[in-house]
Each structure stands twice: as structure tokens, then as C-alpha cells.
Amino acid sequence: MRYGFGVFIGALLPGIIFMGSIYPKISGDWSMYVNWFFISIGIALVPPLFVYARRRGIFREFIIFEAGGFALFSPLWLFLATDLSGDSWLDLILNGIQNGLLAPGEGGTLIGLDIDSIFLVPLLIAMLITGLVMLRPSFIAEHGGAPARKPSAPSEPPEAKKTPAMEDPLEQELPGVKPPAADETSKVELRSVLMELGIPDPTINAIFNAGYANVTDIVATSAEQLALTTGLDKATAENLHMAVQKKVWFGGI
């Protein structure tokens, strides 16, 4: 799933919900607000259910994009919707939200619950921080992959097992997933990408000597594994890993 498209979806869903709440708030129609509240729940739940049914391989990645998008963009949409409905976002921060959440009342009715600013402001700050963390490319690359099924195979004697340093980096990150075949074209492409990013020749040679033969190998591994197998220091490995990821996601490789 393309990074930019995932962030767009994560920002669009809360935007639809908050922009749709403007009219019920302006009109003061409580029944319309209740209906929109439950419609909003459907807007949040239907897309991941659809992805799970049709594209299960990207389900975890989609959940991260949606959860991160809701966390990061909901406060921004909330402020915008508040301003467009005629109230000031500053009043929202000072006074909190009135009748914002639904709860069961007497006689089976639904009543609105207030959210005091003492709880609202820290919650919005925590949401922004959480969203920024979840939408980092490295976080999505580490946690967004489809869980791999471990193949059933007879156990090897202890002396025949590979040590972590001997194992293929892609196999460690995605067990059970066959890495793409390496050829001269993939090696040339990897060298071209690394040179374009300004990676010095000694570092490029260390990457090839460690067994990385194509761009996918670099993206699929972690910065820690890259540092371990190439002998690079952790900071250099993290910067290199992030640069290649950005090149893949934003450069159209």
C-alpha cells in the first residue's frame, strides 16, 4: 500500500465524520446528531472490514494508517468543524465539548456527555503524538507487514541451525517469505539508488558483502539488522534505512 495513499485515507475518514457533524450541531437536531453518531462508527469500521475481506495481506498496514490518521488528524478536523459551526476553537480548549458523546439515559434514551477541557486537552495532545509515531514510515514498515505462517518442517539438529548473523536479513524480518531473486539488474539498481542517496563506496561495498542484492532486501530488513550484518554504526544504518524507504515510497521504485 502506497504511503501517501495510506496517509490520505487516514486523514479523509475523520474529516468525513467531523465535517458531517457540522449540520446537526448548527440545526440543534438531536435525533440527527444521534443518527450521525452511529453512521460515523460505520464510517470508521466498514473500510477495514472491506480490506480484511478483499486484501487481507495489507490489513495490518491499513489499520495502522487508519488508527494513526484518526489520532493525528481528528484534533485538526475537530478545530475546523468547531469554527465552521460558529463556535471558536479557543472556547473548545477552555470549556471542553458539550454533549459530545452518547450514553444510555433513563428510560432507554440516549443522552449527551460533556468532556471537560481538563481531560480534552491532554487527550488531544496524546492523540497528536500517537499519530505522529504511528505514521512514521519506519513504524509502518516494522509493524504493518502481514503475519507470516511458519512452514512445518522437521527440526534440525542444533549444530545444523543457522546463527542469527548467518541468516538472510529478509528471512529474519519476514520468515517463510521467499525473497526476490537477485540478479545483475537488481544489483545495478541497488547500487544506483545508494549512489543517488549519496552513500559512499565503502558503505555500498559493505552492503553487498553482507548479502544485500536488491532494494527490497534493504527495505524489508530493520536498521538494527542492517547495522549488525554490515558492520555500520547504528546511527548510520538508521539514516541509510530511512533514506532507502523514503526513496521507495516517494520515488516510485
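Model label points for ALA53 and ILE118, set 7 angstrom from Cα along the Cα-to-Cβ axis, are 4.5 nm apart. Couplings for region 191-196, taken from phi via the Karplus curve 6.51 cos²θ - 1.76 cosθ + 1.60 with θ = phi - 60°, read 4, 4, 5, 5, 5, 4 Hz in order; Gly and Pro are left as x.
3J(HN,Hα) along region 105-119, derived from phi through the Karplus expression 6.51 cos²θ - 1.76 cosθ + 1.60 where θ = phi - 60°, amounts to x, 5, x, x, 7, 10, 10, x, 9, 8, 10, 5, 4, 4, 8 Hz, with x in place of Gly and Pro.
With charges only on Cβ, +1 for K and R and -1 for D and E, what is the dipole size of region 3-143 about its Cα centre, in debye, rounded to 20?
On the way: 6 positive and 10 negative charges, 147 e Å.
Using only the charged Cβ atoms, the result is roughly 700 debye.
Peptides 231-238, 207-214 ranked from most to least packed, by the mean per-residue count of other Cβ atoms within 10 Å: 207-214, 231-238. With a Cα-only, solvent-free Debye model of region 3-143, what are the log10 I(q)/I(0) values at q = 0.13 Å⁻¹? Here log10 of I(q) over I(0) equals -0.64.
All of the numbers you see were taken from the coordinates with simple rules; none came from a lab. All figures in this text were calculated on a predicted structure; none of them were measured in a lab. When we count neighbours, we look across all protein chains shown, and the Cβ atoms used for this are built from the backbone with ideal geometry, even at glycine.
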